[in-house]
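Taken together, the values in this text are just the output of simple stated rules run on the coordinates, not laboratory data. All values reported here derive from a predicted model rather than from experimental measurement. Quick reminder, even Gly has a Cβ in these numbers, built from the backbone with ideal geometry, and neighbours come from all protein chains shown.
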Amino acid sequence: MKELLKTVIADQLQLGWKESNVTREIPDHIVYDKGLVVITGIRRCGKSTLMHQIRSMLKEKDFYLNFDDDRLIHFKVEHFQVLHELFIELFGEQKTFYFDEIQNIDGWERFIRRLDDYGFKVFLTGSNARMLSRELGTHLTGRYIQIELFPFSFREYLDWSHTTFTEPEISSTAGKANVARLFNEYLTWGGFPAYLESKNDQYIKSLYESILYRDVMVRNNLTNEKELLKLVYYLASNVSKLSSNNSLTKVIGVKNATTIKNYLGFIQDTYLLFQINKYDPSLKKQLQNSKKTYFIDNAVVLRLGFSFSHQSGRMLENLIFIELKRRGKEVYYHHNRTECDFVIREASTITEVIQVCYRFDEQTITERELKGITEAMAQYGLTHGTIITVGTTREIEISGMRISVIEAWKWLLKTR
């Protein structure tokens, strides 16, 4: 194992930060403060690149290993001590460790706790939310900071496109047209870094198969591939729509709603999709109501689901949801007599309501959007709400309520 590790370390040290990489947005204190940092997110969203970005910022950068390497398939928890000794032998003593996809090694959390006990700085990445949270919660409660990484934000997409706008430029006719064009590209192509480079749909298919077979089926000892494929296909074809576990049993052709619940839990652990509840002060009622499903990136929706007509509105809603998740918001939907797409909760209070409407002008304005948001504002005691749309910005006053209608790209570029 020692000689194999030496080869893998030498090979992987050739990987690193490139000046052409997009700099991801993370707080500096997370990098420089003491303690354990855990970077989680879907496969290929840029976790390893972020790890290299962090390494480039620090003096100590050599104690690095990516466990998503086929040569490390027989690496066991007892080999961590061999690895630590080898690091010192090769590079001298250092106090900073970097481990990619560490959840591939059973029992990893015990070694990481020992490093933390002795005051080492440790950066970890992982692609499975439940495994990481369970193991961190058992052995490292309160000892770590978590960063959830998503595919590129719109601001990062502009960076990838080598596009910058000053305030005067973005306010000009040409500037608005250019940023609107880039937004339309982002709405379709999404933010997976490597996919943006290739625009090859096979990349999304490969990513999906890796998640489905390695992270869902193998990890959870599942065998019914057809049921899982059918479930994801249906949800991707009906993104942002309501569904329940009982309704999905009929669509997928399984007998037990618990099977659907388990499937959805395993898939959500990989960050491929998310489900949100209808807001209700009663947790029991929240769990009983239908859920809305969103996917990690629009490229996944468009390449995995049925290509439906009039899809722009649902694609915009999916994009806005992911940005809310990226901003760390606790998101629900509102439904009483009418529906409001998103309500945001902080602590025990609803602080913000958002309606998404692709076209919102005098000709296409509908009562649904206005009734849904005003009903939600009234129910939660809010005097201000937001409608996110494409092509217009304005203010609306209704019965003492102020609704800001804002173009999606402007909202995406607003400071969090």
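With springs connecting C-alpha atoms under 10 Å apart, model the chain as a Gaussian network and identify which of Gly119, Gly191, Gly400 has the largest mean-square fluctuation.
Result: Gly400 has the largest fluctuation of those listed.
Calculate the FRET efficiency for Arg155 and Leu4 from the Cβ-Cβ distance with a Förster distance of 45 Å, rounded to the nearest 0.05.
Between Arg155 and Leu4 the formula returns 0.65.
Based solely on its DSSP helices, what 222 nm [θ] is calculated for the chain when runs of n ≥ 4 H residues each add -39,500 (n - 2.57) and the sum is averaged over all residues, nearest 500 deg cm²/dmol?
Rounded to the nearest 500, the figure is -13000 deg cm²/dmol.
Taking just the alpha-carbon atoms of the range 180-256, what radius of gyration and Dmax come out, in angstrom?
Rg then Dmax for the range 180-256, in Å: 15.6, 47.
Using a Förster distance of 25 angstrom, determine the FRET efficiency expected from the C-beta separation of Glu209 and Lys76, and round it to 0.05.
0.35
Quote the relative contact order of the chain in percent (integer), defining contacts as alpha-carbon pairs under 8 Å separated by 6+ residues.
12
About its Cα centre, how strong a charge dipole does the chain have in debye, to the nearest 20, once Lys and Arg get +1 and Asp and Glu get -1 at the Cβ?
It comes to approximately 1100 debye.
Roughly how many debye, to the nearest 20, is the charge dipole of the range 167-243 about its Cα centre, given +1 on each Lys and Arg Cβ, -1 on each Asp and Glu Cβ, and no other charges?
Here the size comes out at about 260 debye.
Anyone know which of Ile88, Ile373, Ile350 comes out most mobile in the 10 Å Cα GNM of the chain?
Ile88
Going by the alpha-carbon gyration tensor, a ≥ b ≥ c the square roots of its eigenvalues, is the range 8-65 rounded (a/c under 1.5) or, if a/c is not under 1.5, prolate (a/b greater than b/c) versus oblate?
Note, shape of the range 8-65 comes out rounded.
Give the percent of DSSP beta bridges with both residues in the range 311-416 that are antiparallel, rounded to the nearest 5.
Antiparallel: roughly 60 percent of the beta bridges in the range 311-416.
Have a look at Ser404, Phe152, Tyr195 and report the one farthest towards the positive end of the charge dipole of the chain, computed about the Cα centre with Cβ charges (Lys/Arg +1, Asp/Glu -1).
Ser404
Please work out which option in (i) 59, 49, 40; (ii) 66, 58, 38; (iii) 71, 59, 42 gives Cα extents along the principal axes in Å calculated from these coordinates, and answer with its label.
Matching entry in (i) 59, 49, 40; (ii) 66, 58, 38; (iii) 71, 59, 42: (iii).
Taking the Cβ of Ala257 as the centre, find all other residues whose Cβ is under 14 Å away and add up their charges (Lys, Arg: +1; Asp, Glu: -1).
+3
Tell me the label-point distance for the pair Ser20, Glu93, using the 7 Å Cα-to-Cβ offset, in nm and rounded to one decimal.
4.1
Could you identify which residue out of Ile211, Ile252, Ile387 has the top mean-square fluctuation in a GNM of the chain using Cα springs shorter than 10 Å?
Between Ile211, Ile252, Ile387, it is Ile252 that shows the largest mean-square fluctuation.
State the answer as a single residue: which of Val251, Ser48, Gly385 lies farthest towards the positive end of the charge dipole of the chain, with beta carbon charges of +1 for Lys and Arg and -1 for Asp and Glu, about the Cα centre.
Result: Val251, furthest along the dipole toward the positive end.
Among the lysines, which fall within straight-line cross-link reach of Lys95, defined as a Cα-Cα distance under 28 Å, with same-chain neighbours fewer than 8 residues apart omitted?
Lys2, Lys6, Lys18, Lys34, Lys47, Lys59, Lys61, Lys76, Lys121
How big is the charge dipole of the range 2-148 about its Cα centre, in debye rounded to the nearest 20, if each Lys and Arg gets +1 on its Cβ and each Asp and Glu gets -1 on its Cβ?
Result for the range 2-148 is approximately 240 debye, rounded to the nearest 20.
Which whole-number percent gives the relative contact order of the range 311-416, counting Cα pairs below 8 Å spaced six or more residues apart?
Computed value for the range 311-416: 20 percent relative contact order.
Compute the label zone of Met401 within the range 332-351: residues whose backbone N is under 19 Å from the point 7 Å along Cα-to-Cβ.
Inside the label zone: 332-346, 349-351.
At 7 Å along Cα-to-Cβ for each site, give me the label-to-label distance between Ser172 and Ala257 in nm.
Placing both labels 7 Å beyond Cα along the Cβ direction yields 5.8 nm.
So what's the range 2-148 giving for Cα Rg divided by 2.2 N^0.38 Å, two decimals?
The reported ratio for this selection is 0.97.
Pick out, from Phe91, Phe306, His335, the residue whose Cα sits farthest towards the positive end of the charge dipole of the chain, with +1 on the Cβ of Lys and Arg and -1 on the Cβ of Asp and Glu.
Highest projection toward the positive end goes to His335.
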